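**Q** The structure that follows is given in the form of structure tokens.
The values are calculated or read from the model by the stated rules, or taken from the named source; none is laboratory data. Just so we're clear, the structure is a prediction, and the values are computed from it rather than from any experiment. In this analysis, Cβ positions are derived from the backbone assuming ideal geometry, glycine residues included, and neighbour counts consider all displayed protein chains. Side chains are part of the model used for accessible areas, which takes the heavy atoms of the whole protein and leaves out ligands, DNA and RNA. Shrake-Rupley method; radii C 1.70, N 1.55, O 1.52, S 1.80 Å.
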Amino acid sequence: MSTEDILKGLNPPQRAAVEHGGGPALVVAGAGSGKTRVLTHRVAYLLSRGVWPENIMVVTFTNKAANEMKTRIARMVDDLTAQDLWMGTFHSVAARILRKDADKLGYPRSFSIYDTNDAKNAVKRVVTELNLSTDHYKPGPIQSRISLMKSHFISPQQYAADPELRTEDKIRNQPEFYRVYEAYENRLFRAGAMDFDDLLLKWLLLLDQYEDILTRYQRKFEHILVDEYQDTNLLQYLILKKLAAHHRNLFVVGDDAQSIYAFRGANYHNIKLLQKDFPETKIYKLEQNYRSTETIVEAANHLISHNPQLIPKRLWSARGKGEKIKYYPAADEGEEARFVVSTIQQLHQSEGWPYAQFAVLYRANSLSRAFEEALSRERIPYQIIGGFSFYQRQEIRNVLAYWRLLVNPSDEEALMRIINFPTRGIGKTTQNKLYIAARERGVRLWDVVKDPAAFGLRLPKVEAFAAMIEKARLSAAEVPADIVGEAILKESGLLRHYWEDGTEEGKNRIENIHELLDTLRSYVQEAPPDEVRTLADFLQEVALITNADESEGAADGVKLLTVHSAKGLEFRTVFVVGVEEGLFPSSFSWGIQESIEEERRLFYVAVTRAEERLYLTRAHSRFRWGSREQTEPSRFLKEIDRSLIEVIRRQRPQSAQRTPERVFHSKTAARPVPKARPDFVAEPITSLRAGEIIEHDRFGVGKVLHVVGKGPAQKAVIKFDAYGQKTIMIKYAKMRRHG
């Protein structure tokens, strides 16, 4: 395809961006403005101008996006050329580089990649080893905080030396967090493993510490292109900055109005950093929305205009005005779900739209239950996107643990998972002996397992297990990956274990394992003629699969998903449900300006997923935290021009009636959210009594009306001066006794 053919069909701003002459460029791509088109045509344009594919790196945030781009580029150039591009997620590119040079940092090149579950398990073992309270040091929150520290390039040593961070830990009742962080890092290093954040962190360390490696990749990557740039974190930006320092051809595409991953460390201010570090950056704006009607686009403009400091732009659409946005205030969550499902049925029958063109978006996964039940009752197929991953199923994780151990016997999480599964007489007592021996001698756990006699232990069953693994490891060097992968499952008794289960669940597990084996076979057989794909290669592919790359349920069904999972998707009809204060925006954002702005960006993403019809729904009362509570409409409703919205009135109980004026001009909803006092420090409160006066970090001062339950699950019904009655889990609330 000629250069002119590649440029054909692009609008003037898109064409200007694709033809960018060189140097850094920022493409501000509004929702539905064709950013993927610009990226793919830019790559094809560079190839047509004589740039070698191996000198182009394109980074995305999902494997799905990378594969889609590669397919589009292959249509414009040719398959072989597209295959030579360095294209993938940040993490997959990092893993590819680290496989060559991880040994320089003390890791084996066959290092394991720990997913979130592996990381949480490692944290749990560390907390136990340090004799810390599992109530205060829960694996999930601890692992998330470790991830946040790594994304900000803060090491355990730096953390321990930072008095402000240590003070925060004391307030959270986690004064020993820095020890957990350090022990966790040491544990992963001993296991020859990296978590997802390590892939980026170690990549940056390689570039920092080895000038020859930095120079090699700086010269190699003549052009670096980045998708969803607004969602990069500090680590990712520092990597990009280093790699682009030589050629300075950094081409980034993103939209600061759609930055929604701050909880993962993403920072849309990286756009400002780019302009600071690369002052010659040329800015291109894509403002024509090809996805949505004029009404939906105008609503999105009104909404996002309430966020200051965004790059000025105004989306416009040539698709026609379209229908007004429909707003339905239901009496409760049951009626809300019934309205959504009945509307889907009606449009499916009257318009002939396939179910896959309908999406139900929610701020929190907990809202999905009512819609799943309503869809099931009406026998409407549905698909949960970003739900329980195939690769997170118990039987799949067991299989992968065997394979991981063949590749990297230092992998303690894999070893501990399957050393006695299926049961082979190596119980907890024996495992503890092995573990203690390894720690006392300062060796890998596998060293003790492989030869317990050398450590004064007589454990014939452990020796038999180690011999089985070692035999499979030796054959792995000569036998194709799919054959050795299946052989270890038979030899270990794992396949027999599930066959003998006999239950329907056991049959499903066997089917899932065979599906995994088929995937491995295809992966091996589809390799290019000159490439030998190993078990290690396959495990890397699996480890880097993100939630956005997987879904479950009926592919042709109604889509149920969180707004975060909806990023990059589009549907003819979208229902944004639970549009209430405390849900959307989340109550955790109240009183924090930056958090409210992020919630608004998230709502903007939800609105702009709709092509033709957009419905916003809420419930006047909702069952949450063990009791039914009255709700208020989301502040975001009032930020959309009233003329763009049509309120749907249906026959409901009189108590649920509200007028449109009340919905859109509620004084309660408009009440400013007070910020916590600067000197506010929460107390470790475990119980309360009726009549006590407390101060909450977000809701302010309130009186305890009554207390429900006992122990960790105890809740208090509190009447706050500013917010009325709220039901709060005492254990997790940030509050103190007042007066």
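**Q** Could you check how much of the accessible area of the chain is carbon and sulfur, as a whole percent, using a 1.4 Å probe? Intermediate values should be presented prior to the final figure.
**A** On the way: 16290 of 32740 Å².
Summing carbon and sulfur atoms, their accessible area is 50 percent of the total for the chain.
**Q** Another question about this same structure. How much length, in nm to one decimal, is gained on full extension between Asp5 and Ala690, taken as 0.36 nm per residue of separation minus their Cα-Cα distance? Write down the numbers at each step before the final one.
**A** On the way: separation 685, 0.36 × 685 = 246.60 nm, distance 7.49 nm.
That pair, Asp5 and Ala690, stretches by 239.1 nm at full extension.
**Q** Counting only DSSP beta bridges with both residues in the chain, what percent are antiparallel, rounded to the nearest 5?
**A** Values: 29 of 79 bridges.
So the antiparallel bridges amount to about 35 percent of the total.
**Q** Suppose we take every Cα in the stretch 66-137 and form the convex hull; what volume per residue is that in Å³? Display every interim value, and only then the final one.
**A** Values: hull volume 9.1 nm³, N = 72.
Value for the stretch 66-137: 127 Å³ per residue.
**Q** Moving to a separate point now. Calculate the FRET efficiency for Asn432 and Asn186 from the Cβ-Cβ distance with a Förster distance of 25 Å, rounded to the nearest 0.05. Before the final figure, lay out the partial values.
**A** Values: r = 20 Å, r/R0 = 0.78.
Computed FRET efficiency for Asn432 and Asn186: 0.80.
**Q** Round to the nearest 0.05 the FRET efficiency obtained for Glu372 and Leu517 when R0 = 30 Å and r is the Cβ-Cβ distance. Don't jump to the answer; show the numbers that get you there.
**A** On the way: r = 31 Å, r/R0 = 1.02.
The computed FRET efficiency comes out at 0.45.
**Q** Under 20 Å from a label point 7 Å along Cα→Cβ of Leu165: give me every residue in the stretch 194-235 with its amide N that close.
**A** Residues passing the 20 Å test: 194-206, 208-209, 233-235.
**Q** Now for a separate question. Could you check the spin-label model distance between Ala487 and Gln630? Points 7 Å from the Cα along Cα→Cβ, value in nm.
**A** My value for the distance between the label points is 7.1 nm.
**Q** Where does each of Ile385, Ile488 land when they are ordered by accessible area, with a 1.4 Å probe and the largest first?
**A** Solvent-accessible surface, decreasing: Ile385, Ile488.
**Q** Can you give the accessible area of Tyr45 in Å² (nearest 10), computed on protein heavy atoms with a 1.4 Å probe?
**A** Around 20 Å² of this residue is reachable by solvent.
**Q** Okay, next question. Take every Cα pair under 8 Å in the chain that's 6+ residues apart, average their separations, divide by the length, and report that relative contact order as a whole percent.
**A** Numbers: 1202 pairs, mean separation 109.7, N = 739.
Result for the chain is 15 percent.
**Q** Continuing with this model, one more query. Past 20 Å, Cα to Cα: identify those pairs from Lys8/Lys35; Lys138/Lys202; Lys35/Lys241, in the order given.
**A** On the way: Lys8/Lys35 16 Å; Lys138/Lys202 26 Å; Lys35/Lys241 22 Å.
Those over the limit are Lys138/Lys202; Lys35/Lys241.
**Q** Could you check the spin-label model distance between His269 and Ile154? Points 7 Å from the Cα along Cα→Cβ, value in nm.
**A** Result for the modelled spin labels: 1.4 nm.
**Q** Oh, and also: Just to check I understand the Karplus step: with θ = phi - 60° and J = 6.51 cos²θ - 1.76 cosθ + 1.60, what whole-Hz values come out for the stretch 17-29, glycine and proline as x?
**A** Going residue by residue, I get 5, 5, 8, 3, x, x, x, x, 9, 10, 9, 7, 9 Hz, with x marking Gly and Pro.
**Q** I would also like to ask the following. For Ala193, what residues show an amide H to amide H distance below 5 Å, using hydrogens built from the backbone and excluding near sequence neighbours?
**A** Ser112
**Q** Quick check: net charge around Ile56, other residues with Cβ under 12 Å of its Cβ, Lys/Arg +1 and Asp/Glu -1? Kindly include the intermediate steps, with their values, before the conclusion.
**A** Numbers: positive: Arg42, Arg49, Lys70, Lys220; negative: Glu54, Asp84, Glu222.
Every neighbour counted, the sum reads +1.
**Q** Separate question: Once you list every other residue whose beta carbon is under 9 Å from the beta carbon of Ala262, what net charge do they have if Lys and Arg are +1 and Asp and Glu are -1? Provide the component values of the computation, followed by the final result.
**A** Values: positive: Arg264; negative: Glu594, Glu598.
Net of charged neighbours comes to -1.
**Q** For the stretch 280-414, just run the numbers: alpha carbon Rg, then divide by 2.2 N^0.38 Å, N being how many residues it has.
**A** In units of the globular-protein estimate, the stretch 280-414 measures up at 1.58.
**Q** Could you check the simple spin-label distance between Glu54 and Ser342, using points 7 Å along Cα→Cβ, in nm with one decimal?
**A** 6.4
**Q** Compute the accessible area per residue over the chain, keeping the other protein chains in place, probe 1.4 Å, unit Å². Can you show the working numbers first?
**A** Values: 32740 Å² over 739 residues.
Dividing the accessible area of the chain by its residue count gives 44 Å².
**Q** Related question: Per the Kirkwood treatment, what hydrodynamic radius in Å, one decimal, follows for the stretch 364-423 from the mean inverse distance over all distinct Cα pairs?
**A** Details: mean 1/r = 0.0699 Å⁻¹.
The Cα-based Kirkwood calculation yields 14.3 Å.
**Q** Using 0.36 nm times the number of residues separating Thr36 and Ala682, minus their current alpha carbon distance, what extension gain do you get? Spell out each step's value before the answer.
**A** Values: separation 646, 0.36 × 646 = 232.56 nm, distance 4.65 nm.
Result for the pair: 227.9 nm of gain on full extension.
**Q** Still on this model: When the label point is put 7 Å from the Cα of Thr128 along its Cα-to-beta-carbon vector, which residues of the stretch 178-209 have a backbone N closer than 20 Å?
**A** Answer for the stretch 178-209: 179-193.
**Q** What does the C-alpha gyration tensor say about the overall shape of the stretch 166-244? Classify as rounded when a/c is under 1.5, otherwise prolate if a/b is larger than b/c, or oblate.
**A** It comes out prolate by the Cα gyration axes.
**Q** What translational diffusion coefficient, in µm²/s and rounded to a whole number, does the Stokes-Einstein relation yield for the chain at 4 °C and a viscosity of 1.567 mPa s, taking the hydrodynamic radius as the Kirkwood radius over Cα pairs?
**A** Value of D from the Cα-based Kirkwood radius: 45 µm²/s.
**Q** Give, in nm to one decimal, the length gained when the segment between Asp78 and Ala318 is fully stretched (0.36 nm per residue of separation minus the Cα-Cα distance).
**A** Details: separation 240, 0.36 × 240 = 86.40 nm, distance 3.34 nm.
Extra length from Asp78 to Ala318 when fully extended: 83.1 nm.
**Q** What pairs in Lys428/Lys461; Lys70/Lys272; Lys242/Lys567; Lys461/Lys490; Lys313/Lys567; Lys326/Lys638 have C-alpha atoms more than 22 Å from each other?
**A** On the way: Lys428/Lys461 13 Å; Lys70/Lys272 29 Å; Lys242/Lys567 28 Å; Lys461/Lys490 18 Å; Lys313/Lys567 20 Å; Lys326/Lys638 14 Å.
The answer is Lys70/Lys272; Lys242/Lys567.
**Q** Right, another one. R0 = 25 Å: FRET efficiency of Ala364 with Glu176, Cβ-based, nearest 0.05?
**A** Working: r = 31 Å, r/R0 = 1.24.
For R0 = 25 Å, the calculated efficiency reads 0.20.
**Q** Taking only the C-alpha atoms, wrap a convex hull around the stretch 1-149 and report its volume per residue in Å³ as a whole number. Kindly include the intermediate steps, with their values, before the conclusion.
**A** On the way: hull volume 25.3 nm³, N = 149.
Convex hull of Cα atoms, per residue: 170 Å³.
**Q** Going highest first, how would you order 692-703, 567-578, 529-540 by mean Cβ packing within 10 Å? Please report the intermediate quantities before stating the final value.
**A** Values: 692-703: 19.3, 567-578: 22.1, 529-540: 15.6.
Taking the mean over residues of other Cβ atoms within 10 Å, the ranking is 567-578, 692-703, 529-540.
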